[in-house]
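Have a look at the structure below before the remarks.
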Amino acid sequence: MGYTSFVARRLAQSHSHNRFVSFLTLFAIIGLAIGTMALLITVSILNGFEKKITENVSSFTSNIEIRGFENVPLPDYVSTLKTIASEQNVKSVSPFVIHEAMIRVHRTRPANAPSTDGILLKGILPKYDNSSLRNEIKSGRYDLNSAGSMGPLLIGSKLARRLQVEVGDTVFVFGIEGIPSPLNPPKVLSFVVTGIYETGMSDYDDIYGYTNLASAAYLFNLPADNVSGFDVMVNNLNKLETTSHRLEEVLGYPYYPRTMYQMYRNLFAWIELQKKPIPIVMALIIIVAAFNVIGTLLMIVLEKINAVGILKTLGATRGAITKIFLAQGAFIGAAGTLAGSALAYLLLEIQKRYSIIHIPGDVYFMNTVPVSMHVSDFLLIGGIAFVLSLLASYLPARTASGFDPLESVRFY
């Protein structure tokens, strides 16, 4: 850009006679940096929420849950498991038995805690378990082998704290079918707590209990080869709906597959709702930053009107004057965008590594603010901010180039 870039750099230097210009330039850069940083942090956190919730829901439950229509038991689970596993995009299949139950703590000492509570007891086969339960054990061990006459039990940390239960304690679980009465007594089975898990998702830590398939089937009066359903994990989430429809066609009635997006419709709808205003917010913040750039350059034009007149007197064309102030706008745009992007990356990386900001797990399905940074977001938001800053520079630049040289030199 020749001498025009040299003149533009001189406009940004902070000598004693143009500190006001330097202050305006710094102010514009800070404004653009804050806008860029705010957008990047917002988008990265929303991406983090979507990613973390999807991971938590899919890893702890399943991508597709197959139940019986109106929750009827499903017979001959071994052959059905083979049929499901043979389908394309199916990664793994885990049969399960699940039902509501009552848990009662066997206490040997007084305690200021409830001794009875409701749970959702889920029986699984450890060799087929495709959830992340093994990795979520915080106390005890992942052990679903029966201990003599007692069944094994894994419970959530929130339920354990409420009942004041520890690993090794004995509890009683009542399998309730219909209304308990002398003619319909509930089955009771004693369990030993072999492990306590913590997922960070309050809905699971508060109510779910896990045991082996045989103990759950006995407690809920199911035949040995019957199950409540199947947890299916897939290789490609983008083909989740297609795989679900295919399984429904192959298995037929009474098998009823549902994807995790159907089971947790409200949760994923909430995420999408949070993301919808982002383009509007992005536009407003960047437009404000663009007006800030316009105002700053107009003030610089007024401050440097004498210099513009001298340059035009020496032969500078309108195009050259325009380039000088466009270069000034490009400098503000580049500096603000880079500073905002760098600061956003630093703050997001700190949160990602050290989890400084915590949130209530019973509301957000996690305990800390999640972060997911994408290079494409940084390039898109940074690029838009820079381009708009450059476009915003055009009006002041053309204004400066249109000044009359004689009037410009005489202006003080």
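The values are calculated or read from the model by the stated rules, or taken from the named source; none is laboratory data. Since we're looking at a predicted model, the values are computed, not measured. Neighbour counts run over all protein chains shown; Cβ positions are idealised from the backbone, glycine included.
Check Asn266 against each of (1) outside any strand (DSSP E or B); (2) over 22 Å from Asp76 (Cα atoms); (3) assigned by TED's automatic domain parsing to the domain that holds Ile119; (4) not aliphatic (A, V, I, L, M) and name the one condition it does not meet.
Asn266 satisfies every listed condition except (3).
Modelled with pLDDT of 80 or more, farther than 19 Å from Leu24 by Cβ and in contact with a helix residue (DSSP H, G or I) (Cβ under 8 Å, 6 or more places away or on another chain), is that true of Met260? Steps first, answer last, please.
Working: modelled with pLDDT of 80 or more: yes; farther than 19 Å from Leu24 by Cβ: yes; in contact with a helix residue (DSSP H, G or I) (Cβ under 8 Å, 6 or more places away or on another chain): yes.
Spelling it out, Met260 is indeed modelled with pLDDT of 80 or more, farther than 19 Å from Leu24 by Cβ and in contact with a helix residue (DSSP H, G or I) (Cβ under 8 Å, 6 or more places away or on another chain).
Of all the residues that make up the range 195-242, how many are within 26 Å of Val165 (Cβ to Cβ) and assigned to a helix (DSSP H, G or I)?
13
Yes/no matrix, rows are residues, columns are (1) surrounded by fewer than 19 Cβ atoms within 10 Å (Cβ to Cβ); (2) modelled with pLDDT of 80 or more; (3) over 30 Å from Thr36 (Cα atoms):
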{"site": "Ala224", "(1), (2), (3)": "yes, yes, yes"}
{"site": "Asp231", "(1), (2), (3)": "no, yes, yes"}
{"site": "Val234", "(1), (2), (3)": "no, yes, yes"}
{"site": "Lys239", "(1), (2), (3)": "yes, yes, yes"}
{"site": "His245", "(1), (2), (3)": "yes, yes, yes"}
{"site": "Phe268", "(1), (2), (3)": "yes, yes, no"}
{"site": "Lys275", "(1), (2), (3)": "yes, no, no"}
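Per-residue answers, yes or no, for (1) under 15 Å from Thr36 (Cβ atoms); (2) over 15 Å from the mean Cα position of the chain (by Cα); (3) modelled with pLDDT of 90 or more:
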position	(1), (2), (3)
Thr313	no, yes, no
Ala316	no, yes, no
Ala320	no, yes, no
Ile324	no, yes, no
Ala342	yes, yes, yes
Ile381	yes, yes, no
Ile384	yes, yes, no
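Please find, among Leu120, Leu81, Leu125, Leu159, the residue that is closer than 21 Å to Lys187 by Cα, modelled with pLDDT of 90 or more and surrounded by 14 or more Cβ atoms within 10 Å (Cβ to Cβ). Steps first, please.
On the way: Leu81 fails: closer than 21 Å to Lys187 by Cα; Leu125 fails: closer than 21 Å to Lys187 by Cα; Leu159 fails: closer than 21 Å to Lys187 by Cα.
Going through Leu120, Leu81, Leu125, Leu159 in turn, the sole match is Leu120.
Within the range 247-266, count every residue that is within 30 Å of Ile41 (Cβ to Cβ) and buried (at least 16 other Cβ atoms within 10 Å of the Cβ).
First, the residues of the range 247-266 that are within 30 Å of Ile41 (Cβ to Cβ): 260-261, 264-266.
Still in the list and also buried (at least 16 other Cβ atoms within 10 Å of the Cβ): 260-261, 264.
Total satisfying the criteria: 3.
Just to be sure, is Thr170 more than 28 Å from Pro75 (Cβ to Cβ), touching a Pro at 6+ places or on another chain (Cβ under 6 Å), touching a residue at least 40 places away in the same chain (Cβ under 8 Å) and among the polar types (S, T, N, Q)? Give the steps one after another, and end with the answer.
On the way: more than 28 Å from Pro75 (Cβ to Cβ): yes; touching a Pro at 6+ places or on another chain (Cβ under 6 Å): no; touching a residue at least 40 places away in the same chain (Cβ under 8 Å): yes; among the polar types (S, T, N, Q): yes.
So Thr170 fails the test.
Could you check how many residues of the range 361-379 are modelled with pLDDT of 90 or more, in a helix (DSSP H, G or I) and either touching a helix residue (DSSP H, G or I) at 6+ places or on another chain (Cβ under 8 Å) or of a type outside the set (A, V, I, L, M, F, W, C) (or both)?
So the count comes out to 3.
I'd like the full set of residues that are farther than 19 Å from Leu120 by Cα and assigned to a strand (DSSP E or B), limited to the range 132-156.
Within the range 132-156, Lys138, Ser139, Gly140, Ala147 meet the criteria.
Looking at the range 211-222, I want the residues that are surrounded by fewer than 23 Cβ atoms within 10 Å (Cβ to Cβ) and have a partner that is assigned to a helix (DSSP H, G or I) and small (Gly, Ala, Ser) with Cβ atoms under 8 Å, at least 6 apart or on another chain. Which pairs are those?
Leu222/Ala216
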